[in-house]
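A short write-up of the structure that comes next.
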Amino acid sequence: MEDALVQLIAFSDWLVAVTHHRATGYFCWVINPELSTLTDGEIYPSGEAALAAGRGLVQCSTGPEIDFSRCRLYQD
């Protein structure tokens, strides 16, 4: 078997999975509440690093929305 599920963690309405491919390394996967599968496409040297990246994807997606109406565009 080349690919293996290493970890699966459930958050409220979200899943974070780590898979391992023997030839390349570890990957993070996120399944959101709409059941879309997301990944950052990176290869990680350890399962812990991939899991941290998956948690980061969830936190970025569930964090407070940014109010861009107060932003200004600066040009050089």
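Since every read-out is calculated from the coordinates, none of them should be taken as a lab result. Because the structure is a prediction, the values reported are computed rather than measured.
Sequentially through region 2-9, phi angles give Karplus couplings (6.51, -1.76, 1.60; θ = phi - 60°) of 8, 9, 9, 7, 9, 9, 9, 10 Hz, Gly and Pro residues having no value and appearing as x. Between I43 and A10, full extension at 0.36 nm per residue minus the direct alpha carbon distance yields a gain of 9.7 nm. If you take the square roots of the eigenvalues of the alpha-carbon gyration tensor of region 1-50 and sort them as a ≥ b ≥ c, do you get rounded (a/c under 1.5), prolate (a/b over b/c) or oblate? Prolate shape, in that a/c is at least 1.5 and a/b is the bigger ratio.
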